[in-house]
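Scroll down for the structure; my scribbles are underneath it.
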Amino acid sequence: MKKFNIRKVLDGLKEASSSAPSVQVGPQENHLIQESIQSEHFQLCKTVRHGFPYQPSSMAFDPVQKILAIGTQSGALRLFGRPGVECYCQHESGAAVIQLQFLINEGALVSALADDSVHLWNLRQKRPAILHSLKFSKERITYCHLPFQSKWLYIGTERGNIHIVNVESFTLSGYVIMWNKAIELSSKAHPGPVVHISDNPMDEGKLVIGFESGIVVMWDLKSKKADYRYTYDEAIHSVAWHHEGKQFICSHSDGTLTIWNIRGQGKPIQTITPHGKQPKDGKKPEPCKPILKVEYKTTRNGEPFMILSGGLSYDTVGRRPCLTVMHGKSTAVLEMDYPIVDFLTLCETPYPNDFQEPYAVVVLLEKDLVVIDLAQNGYPIFENPYPLTIHESPVTCCEYFADCPVDLIPALYSVGSRQKRQGYSKKEWPISGGNWGQGTQNDTDFIIMLQVLYKLKTAKVFDRNRSKEDKGSTDMSDEDPFAIQIMAWCPESRMLCVAGVSANVIIYRFSKLEVTTEVVQLLEVRMQYELNDIESPDGGGGGGDTTPAIPTPGASPQTSGPPSHPSTGSNNSDGGNMPCLKVRSTPLKQSPGYQVDLVVQLVWVSGEPPQQITSMVLNSSYGLVVFGNSNGLAVVDYIQKTVVLNLGTVELYGSNDPYQRQPRSPRKTRQPSGGLCDINEGSATSEDRCKSPTSGNMSFNHRDNSFSRSRSSSVTSIDKEAREAISSFHFCETFARKGDSTLTHCLHVGTTLGTVLALSLTLPPAGEQRQLQPVIISPTGMLVRLKGSISRMAVLDSTGSLLPPAYEPWYEPNITTDGEEREKVRKRRPVSVSPSTSQDLNENQYAVVCSEKQAKVIALPSQTCIYKHSITETSFILRADVVQMSQGLCMACFCANGHIMTLSLPGLRPLMDVNYLPLTDMRIARTFCFTNLGQAMYLCSPTEIQRITYSQDTCENLQEMLGELFTPVETPEAPNRGFFKGLFGGGAQSLDREELFGELSSGKASRSLAQHIPGPGGLEGMKGAASGVVGDLARARIALDERGQKLGELEDRTAGMMASADSFSKHAHEMMLKCKDKKWYQF
């Protein structure tokens, strides 16, 4: 008989109850709220990607459609047209894109990858898709060339062979150019990989093949043999043609350029070393760095342009990468900020056999995209309209705001426009293809466009000239000591608060006027974790000022100096009162925009650095900034420039602390042998304080402030609990205590051990009294406890609507007006919560609390849990936000296992759960954020922002919001050959490639060489190709040509039949005459 196990049954019941939200209705209140939001309102999809393509590797441009394509080392493809027309695609293999080739004005693109695959992309649809793929198995692809208006793609390989692919069917031709036939028979050495392929601009039947070793071959496609061979001692990197097809130029690894006549194969007619020093005795110039690429472009009414990258002298150590523009006798060297990946010259004509008329150069750098105007003196650059540079330094945190005040963006733009550099080209941005803005959605620009409005450098507040002694004070951070860790922003009041990795908080006000601040206002705060240590009276040896417990009204908070103290404390031998960064003491000129109002610094205590700030919140209506770390929290009144409260985490509990904490001395490794301490408020003295070491289990890194903690919910070590940190804050106007009947100003504090504590705020009246009377804060006890660290809190009214924190509207801080006039401007918003206006006293509220494991909804003022939902057991939540959708309110969560979930509010019903993105990068964890209207974003690479939506409405309308990459444009007319060229056989010679490369003449290619893979976008590609006026016209023209050709063939066949009939009639008549007089027996 099977043994019955009651524990397993109980565990099963527990799991079943935790997997679904458990509803607990209070005895006196009815909490049933009708929720309009449903699961069908949610759908997850990517919308658009902003920023610079990370690790770019290749580039191409369609001169007719005016579309730019950039490939990356991770297999990504970014397409750019006019501002607003951007597209992101991804190759499944993730291999680096080594080359891109447009089918010019055809709405298609060929990409060659490092895994030896070639792909055809259809760009005639808003979301491009692959039509065909070809995977080579025996040879490595090194170079591709697709002639203009040709369907045959030349592919050069590492073995030196050239294969030909039909772009329409993506099948290999049997025509192959083998390396041993291309080079001289007497040459025994392998010429190396193919580094260049191009056809003669004037003769499509002649193909120039450049091998890495320095050999260039002129191959005759019809006779299948090499006409000419050109040999040079140095390796070749690129080849460029003169448009007349009589000369070409090669760039070499020794920094030289060689110019060759196509009929003179002995020596180059000219050798140039653009950056080499020319010796006087006629010797060969000293070698330079390789010229990686050269382009030769002609103009109808002037000197040709020769543009090259690289080639600098080896003695220019430390010089930045350069692009050299040689025009006639002038040579311009244009320095770049980053290494050059590739460059392209934009020309007026797509035809290689016409005067090129270059007008711009697109330079792809490792971290930027630069477009140079060739038509203006000095070669100015174009102002880049794309939001490619999302930041000048690595991004450490992100916040996402929707539904901002209407006057905010114009205000930021007006001050941000003054930050832009001058000297841009006056011409319009030349990459102007595509179409955008045809959608019917009102929020199209919100979805697609991104524009950098304003930049703020927080490091200006600090003195960068740190002494050697001070450098040790930044050991707590492995990275830039000025790095930003947390941001808090109030869009309505335009107040901004920034917490840095060096334990500092900077408070900014927005002003449209320029000011000079003589002395930066500074507050220094000592935050120290101190507990009774009955075993080690000398433990810690702090001897510093004690942090007061709950201060009495009007009590002076603990700071190390007066509120406007301009210095940063003394540099004591034990490190006491020493901040990590030194605030500048010289006057600070502050431009219009965000101007520093106050700096708060945590100082070293007893030789130990301050703990990094883990959470922060700002409230403009109260004039308060609150921040916390693993020691406790501090409340700063930025109006009076004072510290209102500086309290340890344990002291927030008072005598109701649920944890029994045991202190550890930072100087000793032994554990105290005495019993567990009973901590009471204000019981510790300066002689018997001790604190946990900074290298404890709960260290907070500025990159992942919640990531470095242990995730095991079963770990409840005393030392871990003794290091309880502040994880979140929320300002609200609610019932401070259980059973209260009036609303008061409150601050909810969440900790890493899952506790939510409440503090009530008593604010002085507005006006002059606000400047004089202190803000009084008193803890009111514990509100609720959850499993895991608290990540998000919110308060709902009795109808389930969100009650956002109060704020004050923005006013100009630098105008000195009468007190009455200023108070007229500084009125609290009418929608802020107050007992007399928005809510009856009998109505209840709901507190929404989300931890990294579960969510709860608490009824106020009864403080009973009415809804509870266990979000995850095996993972943990990285980000949770209460967001407003068009259908109602919900909570959105991003889990470390990659799931994105939404829950209804206040019922906590699961609405969506999508396994979107496995957490492979810490960058995603610290930058992922949700906002209203179903929007979310994260940094998918160090330079790119990925925006997603979880709204069904947005997903359905996304196709209309996106821009069109392909627009119908007539291909320019081919250049006129002229009378004499036509008479004497000059001009461009055409080639029937179909006859040459087709299966009838060249046979079938080896099946083992490459495998054809149909693309997922085949059907969509057919639909896309079937649309467009140009496509219809082209097909009609082709149909007419085919019909005319068939009619001509029919006429020829008819004429042949008539001739045959005449011949038959003639022979029949002759036979009749011959046999006319003969008898039958004579035959």
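Ordered from highest to lowest accessible area with the whole protein assembly present and a 1.4 Å probe, LEU917, LEU588 read as LEU917, LEU588. Among rounded, prolate and oblate, which fits segment 189-266 when a ≥ b ≥ c are the square roots of the eigenvalues of its C-alpha gyration tensor, a/c under 1.5 means rounded, and a/b larger than b/c means prolate? The shape class here is oblate.
On a 1.4 Å probe surface of the protein chains, which of TYR154, TYR916, TYR351, TYR338 comes out largest in accessible area, and what is the full order?
Largest to smallest exposure gives the sequence TYR338, TYR916, TYR351, TYR154.
The heavy atoms of LYS181 present about 130 square angstrom of accessible area, all protein chains included, probe 1.4 Å.
Can you give the FRET efficiency for ALA402 and ARG785, using 1/(1 + (r/R0)^6), R0 = 30 Å, r = Cβ-Cβ distance, to the nearest 0.05? Before the final figure, lay out each step's value.
Details: r = 32 Å, r/R0 = 1.07.
For R0 = 30 Å, the calculated efficiency reads 0.40.
Among the listed pairs LYS246/LYS284; LYS126/LYS420; LYS420/LYS460; LYS225/LYS297; LYS277/LYS367, a Cα-Cα separation exceeding 21 Å is found for LYS246/LYS284; LYS126/LYS420; LYS225/LYS297; LYS277/LYS367. Approximating the spin labels as points 7 Å out from Cα along Cα→Cβ, the GLU973-to-GLU392 distance works out to 5.2 nm.
Taking R0 as 60 Å, what FRET efficiency do you get between CYS45 and LYS246 from their Cβ-Cβ distance, rounded to the nearest 0.05?
Efficiency for this residue pair is about 0.65.
Size of segment 251-402 from its Cα atoms: along the principal axes, largest to smallest, the extents are 68, 39, 27 Å. Rounded to the nearest whole Hz, the Karplus-based 3J(HN,Hα) values (6.51 cos²θ - 1.76 cosθ + 1.60, θ = phi - 60°) of segment 75-88 follow the sequence x, 7, 9, 10, 10, 10, x, 5, x, x, 9, 9, 8, 10, with x at glycine and proline.
The label point for LEU32 and the one for ASP315, both projected 7 Å from the Cα toward the Cβ, are 9.1 nm apart. Given R0 = 56 Å, the distance between the Cβ atoms of ILE409 and GLN278 translates into a calculated FRET efficiency of 0.50. Using a probe of 1.4 Å, the accessible surface attributed to ILE924 totals some 10 Å² when neighbouring protein chains are kept in position. The H on the amide N of GLU286, modeled in the peptide plane, is under 5 Å from the matching H of LYS277, each at least 5 residues off or on a different chain. When the Cα gyration tensor is reduced to axis lengths a ≥ b ≥ c, the ratio a/c is 1.5 or higher for segment 586-667, and with a/b not above b/c it is classed as oblate.
Each Cα pair under 8 Å and six or more residues apart adds its separation to the average, and for segment 282-344 the resulting relative contact order is 26 percent. Listed cross-link partners LYS138/LYS224; LYS641/LYS738; LYS46/LYS138 are compared with a 30 Å cut-off, the Cα-Cα value being larger for LYS641/LYS738; LYS46/LYS138. Farthest toward the positive end of the dipole of segment 154-250, out of GLY174, TYR230, VAL216, is the Cα of GLY174, where the dipole comes from beta carbon charges about the Cα centre.
Note the full-extension length gain between THR799 and LEU772 as 0.36 nm times their separation in residues minus their Cα-Cα distance, in nm to one decimal. Result for the pair: 5.9 nm of gain on full extension. Sorted on the mean count of surrounding Cβ atoms within 10 Å across their residues, most packed first, peptides 855-864, 794-803 read 855-864, 794-803. At full extension, ASP953 and GLU843 could sit 36.2 nm farther apart than now, given 0.36 nm per residue minus the alpha carbon distance. The heavy atoms of CYS865 offer some 30 square angstrom of accessible surface to a 1.4 angstrom probe. The peptide list 258-264, 630-636, put in order of mean Cβ contacts within 10 Å with the highest first, becomes 630-636, 258-264.
The values are calculated or read from the model by the stated rules, or taken from the named source; none is laboratory data. What you see is a predicted model; the values in this text were computed from it and never measured. Reconstructed Cβ throughout: ideal geometry from the backbone, glycine too, with neighbour counts over all protein chains shown. All accessible areas refer to the heavy atoms of the entire protein, side chains included, with ligands and DNA or RNA removed. Shrake-Rupley method; radii C 1.70, N 1.55, O 1.52, S 1.80 Å.
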